[in-house]
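Colleague: Following this message is one structure expressed as structure tokens.
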Amino acid sequence: MKLLNCIVCTRELLIYNASNLEHKLVSELMGDLMAEYDNYQQELEPVRVNDAEQGKKYAYAVYILYLLNALFIGVPILTSVVGLIIAYCQKDRYKGTIYYSHFNNQVKLFFYVLGWSIVFVLLCFVMIGVPLLIGLYVWQLYRIISGLLKLSANESLDKTYSVKTL
């Protein structure tokens, strides 16, 4: 009987030590994994830009490219596509700043104008598309000019995010 009690006690002691050892190993492994995960997350985070003037220059460039396309009808849509690429690439980089709202507005503006232009050109066959295209053109100019004015005043386009300066 003593031998059986000794075997049971030894077994329980081994199980207890194994669980403590397992717990320590798992804790160390999880600590290492969490450290690697934090390093990975830091690599994935967008670059925070300290130089606010760089974001302002990009936003101005996109507005000017859009304005060139709007004012000079003969200019190919390439200027707007270049503006779209710049705005889309810079949008996440400036998240949390007033420039994010400008880049977001520029991306939306491109796709709204493109989509509605296609619809209104198709409606030109029934003669209602021409006044709608003129209205879209005026709306596009309004959005570009109001964006430029707010950008020059260092204001956000979002009503919920009203930071005046950075």
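Colleague: Could we say that Tyr99 is of a type outside the set (D, E, K, R) and touching a residue at least 40 places away in the same chain (Cβ under 8 Å) here?
Modeller: Values: of a type outside the set (D, E, K, R): yes; touching a residue at least 40 places away in the same chain (Cβ under 8 Å): yes.
It is true that Tyr99 is of a type outside the set (D, E, K, R) and touching a residue at least 40 places away in the same chain (Cβ under 8 Å).
Colleague: Is it the case, given these coordinates, that Asn104 is polar (S, T, N, Q) and in a helix (DSSP H, G or I)?
Modeller: Details: polar (S, T, N, Q): yes; in a helix (DSSP H, G or I): yes.
In short, yes.
Colleague: Moving on. Would a scan of the stretch 99-108 turn up a residue that is at pLDDT 90 or above and more than 22 Å from Glu53 (Cβ to Cβ)?
Modeller: yes
Colleague: Going residue by residue through the stretch 125-147, is there one that turns out to be under 16 Å from Ala61 (Cα atoms) and either touching a His at 6+ places or on another chain (Cβ under 9 Å) or not in a helix (DSSP H, G or I) (or both)? Let's see the steps before the verdict.
Modeller: Taking the stretch 125-147 and keeping what is under 16 Å from Ala61 (Cα atoms), we get 141, 143-147.
Subsequent filtering for residues that are either touching a His at 6+ places or on another chain (Cβ under 9 Å) or not in a helix (DSSP H, G or I) (or both) retains 147.
Among the residues of the stretch 125-147, at least one is under 16 Å from Ala61 (Cα atoms) and either touching a His at 6+ places or on another chain (Cβ under 9 Å) or not in a helix (DSSP H, G or I) (or both), which makes the answer yes.
Colleague: Within the stretch 122-140, identify whether any single residue is without any contact (Cβ under 8 Å) to a residue 12 or more places away in the chain, touching a Cys at 6+ places or on another chain (Cβ under 8 Å) and either loosely packed, with under 15 Cβ neighbours inside 10 Å or among the hydroxyl-bearing types (Ser, Thr, Tyr) (or both), and answer yes or no. Before the answer, list the steps.
Modeller: Of the residues in the stretch 122-140, the ones without any contact (Cβ under 8 Å) to a residue 12 or more places away in the chain are 122-131, 134-135, 138-139.
Add one more test, that the residue is touching a Cys at 6+ places or on another chain (Cβ under 8 Å), and what stays is 130.
Still in the running and either loosely packed, with under 15 Cβ neighbours inside 10 Å or among the hydroxyl-bearing types (Ser, Thr, Tyr) (or both): 130.
Yes, the stretch 122-140 contains at least one residue that is without any contact (Cβ under 8 Å) to a residue 12 or more places away in the chain, touching a Cys at 6+ places or on another chain (Cβ under 8 Å) and either loosely packed, with under 15 Cβ neighbours inside 10 Å or among the hydroxyl-bearing types (Ser, Thr, Tyr) (or both).
Colleague: Would you confirm whether or not the stretch 64-78 contains a residue that is in a helix (DSSP H, G or I), touching a Phe, Trp or Tyr at 6+ places or on another chain (Cβ under 8 Å) and more than 20 Å from Asp158 (Cβ to Cβ)?
Modeller: Going through the stretch 64-78, the residues in a helix (DSSP H, G or I) turn out to be 64-71, 78.
Cutting the leftovers down to touching a Phe, Trp or Tyr at 6+ places or on another chain (Cβ under 8 Å) gives us 66, 70.
Filter once more, so that each one left must be more than 20 Å from Asp158 (Cβ to Cβ): 70.
Checked against the condition, which is being in a helix (DSSP H, G or I), touching a Phe, Trp or Tyr at 6+ places or on another chain (Cβ under 8 Å) and more than 20 Å from Asp158 (Cβ to Cβ), the stretch 64-78 yields at least one hit.
The values are calculated or read from the model by the stated rules, or taken from the named source; none is laboratory data. These numbers come from a predicted model, not from an experiment. Don't worry about glycine lacking a Cβ; one is built from the backbone with ideal geometry, like all the others, and counts go over all protein chains shown.
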